[in-house]
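Novice: I am attaching a structure below and will ask some questions about it afterwards.
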Amino acid sequence: MKKVLLMVVITMALFLFACGDNTLSSKNDDETTDNEVTDNKVTNDETPDQDSDSDYDEPHGDDFGLSSFLEPLYDNYFTLRQTGIIFDYNNAEIDPKAIASESKTKLGALSMDGDWGAYFNYNNSLILFQAHGYDFIKTDEANKTTRMQLVSSLGRFTPALITSMVENKICEVDFGAYTSIKEVYIDARFDNSGVLTEQNIRRNCIIGVSKMQKIEEGGKTFDLPVGKIYGCFDEDQVGALGETLKMMFNLEMTIDEEKILEFINTRDDGTVALENDEDYEPNSCTCFSLYEKDAEGEPVEIDCKDFDPDEPLFPAED
């Protein structure tokens, strides 16, 4: 069952982020422009030069990078070490064998490790990285049902970051990549062969977003995510489809509801919907009934106060 559930994780995570709430159009994403990355925040005074004997002295395999880079620095954090091919976000056929991923998420009382992720090229304007961890909350082997807690992150940065780091011959920058984190509860049912026959999202919440900092450079003020990024790049890398990325991220997150709602309500043009606006979304969570269906046969949305992760699983089939 666990092997099958891995594919559920992959499928559901892609669906949840692709069909979500302005996930790729956050105001904070747009503020990290090519000029900011190239001219203002890339630092090369503490990292080795590619032409020196010590350049990129960490291994280039799946275990590249110093583990100390991933040591937690913040109360709420997300860390990721990932090697993998860049897939096409709009036509993603993911080969899990092409990815080596190690992530840790700590948000308040929640803690989750992950071992699956992927990189995507989004219309040549953004590089996206996903990471996923999951746990089985309840399992009924007799009725072949399970409830899974899925914690998924989606981060992004511009391809200009890669080209700038390559041109400046550096491995590390002292800012993060804007990232959002979801927690999703999924109920699933399998047949006698272990094939998934039914799945329902029970609760879908954005539980954390990147903490931002204001940086002044050249008389200008920029909003950038708190954290640091490490990259082990070849000389000709630009973030194109099919390239293999070897990167690490150590990011500070916030669980402040006001910041999360600001992210959710950020429109495609960068403006933010306010409480009196028709398109304002007041909730960071959406929950669904396990038993009630609407006229189209879809689960009915319920108040999240009525969702209990410990409630019974699917009723036994006749």
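The values are calculated or read from the model by the stated rules, or taken from the named source; none is laboratory data. Keep in mind the model is a prediction, meaning the values are calculated, not measured. Heads up, the Cβs are rebuilt from the backbone with ideal geometry, glycines too, and the neighbour counts pull from every protein chain shown.
Novice: Which of the residues spanning the range 285-310 are more than 17 Å from Ile206 (Cβ to Cβ) and of a type in the set (Phe, Trp, Tyr)?
Specialist: Within the range 285-310, Tyr291 is the sole residue that qualifies.
Novice: In addition: In the range 141-163, how many residues are in a strand (DSSP E or B) and either touching a Pro at 6+ places or on another chain (Cβ under 9 Å) or not charged (D, E, K, R) (or both)?
Specialist: Here the count works out to 12.
Novice: Sort out which residues of the range 242-271 are surrounded by fewer than 14 Cβ atoms within 10 Å (Cβ to Cβ) and within 28 Å of Ile99 (Cβ to Cβ), and write them in order of number.
Specialist: Gly242
Novice: Quick one: would you say Lys169 is charged (D, E, K, R) and modelled with pLDDT under 95?
Specialist: The answer is yes for Lys169.
Novice: In this structure, is Ser111 out of contact with any Leu (no Cβ under 6 Å at 6 or more places or on another chain), surrounded by fewer than 19 Cβ atoms within 10 Å (Cβ to Cβ) and closer than 24 Å to Ile206 by Cα?
Specialist: Considered against the rule, which asks whether it is out of contact with any Leu (no Cβ under 6 Å at 6 or more places or on another chain), surrounded by fewer than 19 Cβ atoms within 10 Å (Cβ to Cβ) and closer than 24 Å to Ile206 by Cα, Ser111 comes out as yes.
Novice: Now for a different question. Surrounded by fewer than 23 Cβ atoms within 10 Å (Cβ to Cβ), assigned to a strand (DSSP E or B), over 12 Å from the mean Cα position of the chain (by Cα) and modelled with pLDDT under 95: which single residue out of Lys97, Lys138, Lys106 fits that description?
Specialist: So the residue among Lys97, Lys138, Lys106 that is surrounded by fewer than 23 Cβ atoms within 10 Å (Cβ to Cβ), assigned to a strand (DSSP E or B), over 12 Å from the mean Cα position of the chain (by Cα) and modelled with pLDDT under 95 is Lys138.
Novice: Of the residues Asp234, Asp223, Asp294, which is within 24 Å of Tyr89 (Cβ to Cβ), charged (D, E, K, R) and modelled with pLDDT under 95?
Specialist: Asp234
Novice: Mind listing whichever residues of the range 96-114 are within 16 Å of Met247 (Cβ to Cβ) and among the charged types (D, E, K, R)?
Specialist: Glu102, Lys104
Novice: Hey, can you tell me all the residues within the range 161-183 that are surrounded by 21 or more Cβ atoms within 10 Å (Cβ to Cβ), within 20 Å of the chain's Cα centre (by Cα) and more than 30 Å from Glu311 (Cβ to Cβ)?
Specialist: Those that are surrounded by 21 or more Cβ atoms within 10 Å (Cβ to Cβ), within 20 Å of the chain's Cα centre (by Cα) and more than 30 Å from Glu311 (Cβ to Cβ): Leu161, Ile162, Val173, Phe175, Gly176, Ala177, Tyr178, Thr179.
Novice: Determine whether the range 193-203 contains at least one residue that is assigned to a strand (DSSP E or B), within 30 Å of Lys144 (Cβ to Cβ) and hydrophobic (A, V, I, L, M, F, W, C).
Specialist: yes
Novice: Scan the range 110-164 residue by residue and report those that are of a type in the set (A, V, I, L, M) and more than 23 Å from Gly208 (Cα to Cα).
Specialist: Scanning the range 110-164 gives Ala142, Ala160, Leu161, Ile162.
Novice: Assuming Cys287 fulfils every condition listed in (1) surrounded by fewer than 16 Cβ atoms within 10 Å (Cβ to Cβ); (2) modelled with pLDDT of 95 or more; (3) under 20 Å from Thr145 (Cβ atoms) apart from one, which condition is it?
Specialist: With respect to (1) surrounded by fewer than 16 Cβ atoms within 10 Å (Cβ to Cβ); (2) modelled with pLDDT of 95 or more; (3) under 20 Å from Thr145 (Cβ atoms), Cys287 is out only on (1).
Novice: For residues that are surrounded by fewer than 21 Cβ atoms within 10 Å (Cβ to Cβ) and touching a residue at least 12 places away in the same chain (Cβ under 8 Å), scanning just the range 220-230, find the one that is nearest to Phe129 (Cα to Cα).
Specialist: By that ranking, first place goes to Lys228.
Novice: While we're looking at this one, here's another question. For residues that are in contact with a helix residue (DSSP H, G or I) (Cβ under 7 Å, 6 or more places away or on another chain) and assigned to a loop (DSSP other than H, G, I, E, B), scanning just the range 46-94, find the one that is modelled with the lowest pLDDT.
Specialist: Ala92
Novice: Filter the strands (runs of 3 or more DSSP E) completely within the range 209-318 down to those with at least 3 residues that are out of contact with any helix residue (DSSP H, G or I) (no Cβ under 6 Å at 6 or more places or on another chain) and under 22 Å from Lys182 (Cα atoms).
Specialist: So the answer is 227-231, 244-254, 285-293, 299-302.
Novice: Being at pLDDT 95 or above and small (Gly, Ala, Ser) narrows it down to one of Ser153, Ser193, so name that one.
Specialist: Only one candidate passes the filter, namely Ser153.
Novice: Restricting attention to the range 119-135, and to residues there that are within 15 Å of the chain's Cα centre (by Cα) and free of Cβ contacts under 8 Å to residues at least 60 places away in the same chain, which single residue is farthest from Asp75 (Cα to Cα)?
Specialist: Phe120
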